[in-house]
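The values are calculated or read from the model by the stated rules, or taken from the named source; none is laboratory data. Just so we're clear, the structure is a prediction, and the values are computed from it rather than from any experiment. Backbone-built Cβ (ideal geometry, glycine too); neighbour counts: all protein chains shown.
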Amino acid sequence: MILSDKRILEEIDKGTILIEPFNRDDLGTNSYDVHLGKHLACYTSRVLDSREHNKIEHFEIPLDGLVLEPGVLYLGVTEEYTETHAHIPFLEGKSSTGRLGIDIHATAGKGDVGFCNTWTLEISCTQPVRVYRGMPIGQLIYFVVEGEIEIMYNKKKNAKYNNRTIKPVESMMWKNKF
């Protein structure tokens, strides 16, 4: 079951959902619009190794925008910091973003109960496209959880993305044992 706009507001009032900054105009019928932050990053190596800590280079989107190029993985970040303490958050692209040929995540659209951070975006595009800091980039949808949670994400000792940040975070796959 997906939360409606009224239910999202109720959960914000209860403190089980936090969105900072929150703008009432960004609340949809059953979602909340999030915006592209000013920070992007790209990997410094063309070949990535899933067992190694692949380094990234951070940069800012200029006020007049930045043209994204196909064939490049850009790590972006939402302007919004969110906390979700009783629901499962999903981040999806907006249809207007998709119609520009922009994908905002490769596989990581689902958050965990207890996720407290900005969202790192795995941005790619099908043709060159100019993006701007602050543009609507995606939408958060909240699902009801069935059953009790044993350990919230923000309490897990092995959680890899718990450090609060305003910049995109590279893959931490290298911390897994395989």
Give me the pairs: first residue in the stretch 5-20 and under 22 Å from GLY134 (Cα atoms) and in contact (Cβ under 8 Å) with a residue 40 or more places away in the chain, second residue of a type outside the set (Val, Ile, Thr) and surrounded by fewer than 15 Cβ atoms within 10 Å (Cβ to Cβ), beta-carbon distance under 6 Å, and six or more apart or on different chains, which are they?
none
Go through the stretch 137-172 residue by residue and tally those that are farther than 20 Å from VAL113 by Cα and touching a helix residue (DSSP H, G or I) at 6+ places or on another chain (Cβ under 7 Å).
1
With LEU68, LEU121 as the choices, which residue is touching a residue at least 60 places away in the same chain (Cβ under 8 Å), farther than 22 Å from SER4 by Cα and touching a Gly at 6+ places or on another chain (Cβ under 6 Å)?
LEU121
Failed item in (1) closer than 22 Å to GLU10 by Cβ; (2) surrounded by fewer than 16 Cβ atoms within 10 Å (Cβ to Cβ); (3) touching an Asp or Glu at 6+ places or on another chain (Cβ under 6 Å), with PRO136 passing the rest
(1)
Test: residue in the stretch 15-34 that is assigned to a strand (DSSP E or B) and either at pLDDT below 95 or closer than 20 Å to ALA106 by Cβ (or both)
yes
Among the residues of the stretch 113-124, is any over 30 Å from LEU63 (Cα atoms), loosely packed, with under 15 Cβ neighbours inside 10 Å, more than 14 Å from the chain's Cα centre (by Cα) and among the β-branched types (Val, Ile, Thr)?
no
Return a yes/no flag: does the stretch 154-164 have any residue that is crowded, with 17+ Cβ neighbours inside 10 Å, touching a Cys at 6+ places or on another chain (Cβ under 8 Å) and closer than 30 Å to ASP64 by Cα.
no
